[in-house]
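Read the figures in this text as sums done on the coordinates, not as results from a lab. Treat the numbers as computed from the prediction; the structure is a model and nothing was measured. Here the Cβ positions follow ideal geometry from the backbone for every residue, glycine too, while neighbour counts run over all protein chains shown.
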């Protein structure tokens, strides 16, 4: 017992070291690219608010359909700013939600606050990239009455939401080294039978955002711009469907 009392401080010290190390690991993100920096600036067609979330609002009209986006794990939310700009230019309120320690698993219910802040929106879709997409599917599973659509980008649902009345699109790349084609398509049984599948030939994992190359990913065989055009088209198509529902 004397030995235990003498070294009681070891356990809390180990816990502190673990917590500090975890925070440092989660906080280490790739620098965002110039395209993302530029997309954070307001333009004539899109107002940008970065005070709480990254909110992109069309200026030419008052949108009634919105999209909530959860970033990939250990990715700076600002790296997806081009997505927000493009969807707002298409006429949709888009809110990119920064996550605690850059991990959506620590904030998968953040959409509740976004929805509450925008009562003018009558149709919501939620989505995300990689871990963010999986956490968006968790949100759908827990809140099926709050959203009309789900967009999984280089991601899949590990919960069975196949019985829900929700519009789902899965957008994924053939060269993805993390969310591989086999992994994404292997989880199809968890989705509604009428889910829309958008397979991007030559697309990889990192080109879903603007944060540079990602460890364990494969090189894309198409340009970033070409891949992003297909991502935007697939997402807009879902937003159009729920808008007219």
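In this rough spin-label picture, where each label sits 7 Å from Cα along the Cβ direction, the residue 145-residue 41 distance is 4.6 nm.
Using a cutoff of 8 angstrom between alpha carbon atoms and counting only pairs six or more residues apart, the relative contact order for the chain works out to 16 percent.
Please give the calculated 222 nm ellipticity per residue for the chain, where each DSSP H segment of at least 4 residues contributes -39500 (n - 2.57) and the sum is spread over every residue; nearest 500 deg cm²/dmol? Could the numbers behind the result be given before it?
Details: 8 runs with 83 residues, N = 245.
So the helix-based figure for the chain works out to -10000 deg cm²/dmol.
With respect to the chain, whose longest principal axis is taken over its alpha-carbon atoms, helix 224-243 is tilted by about 70°. Modelled label positions at residue 64 and residue 34, each set 7 Å beyond Cα in the direction of Cβ, lie 4.2 nm from each other. Note down the relative contact order for the stretch 40-176 as a percent, whole number, built from C-alpha pairs under 8 angstrom at least six residues apart. The normalised contact order for the stretch 40-176 reaches 21 percent.
For the stretch 133-188, the direction-averaged projected area of the alpha-carbon convex hull comes to 3.4 nm². The order of 129, 205, 224, going from fewest to most other C-beta atoms within 10 Å of their C-beta, is 224, 205, 129. The angle between the Cα long axis of helix 10-27 and the longest principal axis of the Cα atoms of the chain comes to about 20 degrees, rounded to the nearest 10. Ordering 83-94, 108-119 by mean Cβ neighbour count within 10 Å, with the highest value first, yields 83-94, 108-119.
The residues 222, 200, 126, when put in order of fewest to most other Cβ atoms within 10 Å, stand as 222, 200, 126. Packing-based ranking of 153-160, 71-78, 191-198, 51-58 yields 71-78, 153-160, 51-58, 191-198, ordered from highest to lowest mean Cβ neighbour count within 10 Å.
Residues 137, 223, ranked from the fewest to the most other C-beta atoms within 10 Å, line up as 223, 137.
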